[in-house]
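Presented below is the structure to which this report refers.
Just so it is clear, none of the values below were taken in a lab; they were calculated from the coordinates. Keep in mind that what you see is a predicted model, and the values were worked out from it rather than measured. Glycine gets a Cβ as well: all are built from the backbone with ideal geometry, and neighbour counts include every protein chain shown.
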Amino acid sequence: MGGNTKSIINVGYKRLRPDAQMPLYATAEAAGADLFAVEDVTLTPGKRALVSTGISIELDPGFEAQIRPRSGLAFKHGVTVLNAPGTIDSDYRGELKVLLINHGDTIFGIRAGDRVAQLVIAPVTTAHFFHVDEDLSTTDRGEGGFGSTGA
């Protein structure tokens, strides 16, 4: 197979609480670093909560951080990130918080130190939007919207 094409950038982080944990990659090839709760939270079925991580980060311009669900929490318990992926802009310096929702049937308890989400760093492309007076180009799909290309 191909060679290693993984990019590495430096991301500074600050502990806002002494018990906060640095984001950690579970394996050498993991795309997302685990984020850890710094508080106990009880999520009843159908409810949501904003879970504190106790850290803030500093990203270089041209990058964003995405807060994504952990597949194990979603599969085993129905707990996921409500606004997935949550976007952290490079100019944000506040605490990283994770918006979780319990889609499961039972109460789910989060304890301080639990892994609650993943943090993925990604490059950002900014669009230059411009108005056009003429028709947009035609495509086979055209104006077909929700469900127009299949199930």
Per 10 angstrom bin, beginning at 0 and ending with the bin that holds the maximum distance, the Cα pairs of the chain fall in percents of 10, 32, 27, 20, 11, 2
Set the Förster distance to 35 Å, then compute FRET efficiency between A74 and A28 from the Cβ-Cβ distance, nearest 0.05. 0.90
For the chain, which span is the longest to avoid every loop-located (per DSSP) member of chymotrypsin sites (Phe, Trp or Tyr not before Pro) having at most 14 other Cβ atoms inside 10 Å? 1-128
Counting Lys +1, Arg +1, Asp -1, Glu -1, what net charge surrounds S90 among other residues with beta carbon under 13 Å of its beta carbon? -4
Between E58 and D135, what length in nm is gained on full extension when 0.36 nm per residue of separation is reduced by their alpha carbon distance? 23.5 nm
Could you check the spin-label model distance between R17 and T125? Points 7 Å from the Cα along Cα→Cβ, value in nm. 3.9 nm
Under 25 Å between C-alpha atoms is the cut-off here; go through the chain and count lysine pairs that meet it, provided they're at least eight residues apart or on different chains. 5
Note on region 32-123: contact order normalised by length, alpha-carbon pairs under 8 Å, 6 or more apart, percent, works out to 48 percent
Between region 34-64 and region 94-148, how far is it from one alpha carbon centroid to the other, in angstrom? 16 Å
